[in-house]
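Peer 1: After the structure tokens below, expect a handful of questions from me.
The values are calculated or read from the model by the stated rules, or taken from the named source; none is laboratory data. Bear in mind the structure is a predicted one, so any value in this text is a computation, not a measurement. Please note: Cβ atoms are built from the backbone with ideal geometry, for glycine as well, and neighbour counts cover all protein chains shown. The protein model used for the area step is the full one, side chains on, heavy atoms only, and it has no ligands, DNA or RNA in it. Shrake-Rupley method; radii C 1.70, N 1.55, O 1.52, S 1.80 Å.
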Amino acid sequence: MNVDKLIANFEQKLKIERYSPNSIRNYSSSVRSFLNVAKLKFNSPEQLGVEEIEKYIFWKIEKYKISFSHQRIIVASLDKFYTLVLKTYLDLKHLYPSRKEKALPNYLSKQEVKKLLARIDNLKHRSIVKLLYGCGLRLSELINLKISDINSDTMTIRIRNAKGNKDRIVMLSNVILVDLRNYFIQYKPNVYLFEGQGGGLYTARSVQNLVQDAAEKAGITKKVTPHVLRHSFATHLLENGTDIRYIQELLGHSSIKTTEIYTHITDVSKSKIKSPLDSLDWC
């Protein structure tokens, strides 16, 4: 089984269908993982049917404890692969999770964000973290930002080809602009706002590492990722009284239901309801 050739064919067809680079990476990665396991027993993907895919999903759940969203990506990727590359329809509906996870998003308090930023001395790293938090960017959106996307005249940032192939506009904070101007003078990026040492895209792993390192230096024990900063952006906007429809647009959510999960966090913190513990007559 020539996995590289199959994946190249798959990626070509996804590009023709105008999938975003991030979606293509996720889809091809999921299919590649499946094929690399399958080739140990099978000579071609045509020999694999619903039963083999079902066993693979079960194995991923049992051994790797994959999340609901990860399972959905795997099934959707294989569904698309068989349709586009093998011209075969497989009924995989029953492999999609029938229940959704109810976990609330993790986020930092405003004080924790201040502590985090205070422990970042590197100008480039500080600019990255301020953009993630101050604009609510996804990691993929940050690393694909170009210099031309920053508009200091209108104090906005254009996010191009975001999730769902949609562009959107987010605010540019004066605080971020000051750092970006100093950063530009010092680092002199060419095309992308943040570039690697040899040019080109800054890696996602580098961003993840610098965020986690800063959190550890700040004494924050919870796991801090770029997406936690995005959650913090949305939560703090809600706490400040920003209309949820505006937050939906700023985050680039296609459905208001996705944004509404943040209301479950802020409702308790904003309410006047006190714990019954507070009403006890302490001696």
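Peer 1: Out of the stretch 100-124, which residues are outside any helix (DSSP H, G or I) and either over 30 Å from THR221 (Cβ atoms) or open to solvent by less than 80 Å² (accessible area, probe 1.4 Å) (or both)?
Peer 2: Of everything in the stretch 100-124, those that are outside any helix (DSSP H, G or I) and either over 30 Å from THR221 (Cβ atoms) or open to solvent by less than 80 Å² (accessible area, probe 1.4 Å) (or both) turn out to be ALA103, PRO105, TYR107, LEU108, SER109, ILE120, ASN122.
Peer 1: Suppose we keep only residues that are assigned to a helix (DSSP H, G or I) and open to solvent by less than 50 Å² (accessible area, probe 1.4 Å) within the stretch 53-68. Which one would you say is nearest to LEU84 (Cα to Cα)?
Peer 2: Checking each candidate, the answer is ILE53.
Peer 1: Moving on. If only one of ALA8, ALA76 is free of Cβ contacts under 8 Å to residues at least 24 places away in the same chain, small (Gly, Ala, Ser) and in a helix (DSSP H, G or I), which one is it?
Peer 2: Among ALA8, ALA76, only ALA8 is free of Cβ contacts under 8 Å to residues at least 24 places away in the same chain, small (Gly, Ala, Ser) and in a helix (DSSP H, G or I).
Peer 1: Give the residues of the stretch 1-49 that are hydroxyl-bearing (Ser, Thr, Tyr) and over 26 Å from the mean Cα position of the chain (by Cα), sorted by residue number.
Peer 2: The answer is SER44, and nothing else.
Peer 1: Report yes if some residue within the stretch 125-134 is open to solvent by less than 20 Å² (accessible area, probe 1.4 Å), touching a strand residue (DSSP E or B) at 6+ places or on another chain (Cβ under 7 Å) and under 23 Å from ASN22 (Cα atoms); otherwise report no.
Peer 2: no
Peer 1: Exactly one condition in (1) over 19 Å from ALA38 (Cα atoms); (2) in contact (Cβ under 8 Å) with a residue 60 or more places away in the chain; (3) open to solvent by 30 Å² or more (accessible area, probe 1.4 Å) is false for LEU137; which is it?
Peer 2: So the condition that LEU137 fails would be (3).
Peer 1: Can you tell me which residue among VAL228, VAL268, VAL207 is of a type in the set (A, V, I, L, M), out of contact with any Cys (no Cβ under 8 Å at 6 or more places or on another chain) and modelled with pLDDT under 90?
Peer 2: VAL268
Peer 1: Here are some residues: SER69, SER77. Which one is closer than 14 Å to LEU6 by Cα and under 21 Å from the mean Cα position of the chain (by Cα)?
Peer 2: Going through SER69, SER77 in turn, just one is closer than 14 Å to LEU6 by Cα and under 21 Å from the mean Cα position of the chain (by Cα): SER77.
Peer 1: Moving to a separate point now. Which of the residues belonging to the stretch 131-189 are within 15 Å of the chain's Cα centre (by Cα), at pLDDT 90 or above and of a type in the set (Gly, Ala, Ser)?
Peer 2: Listed by number, the residues that qualify are GLY136, SER140.
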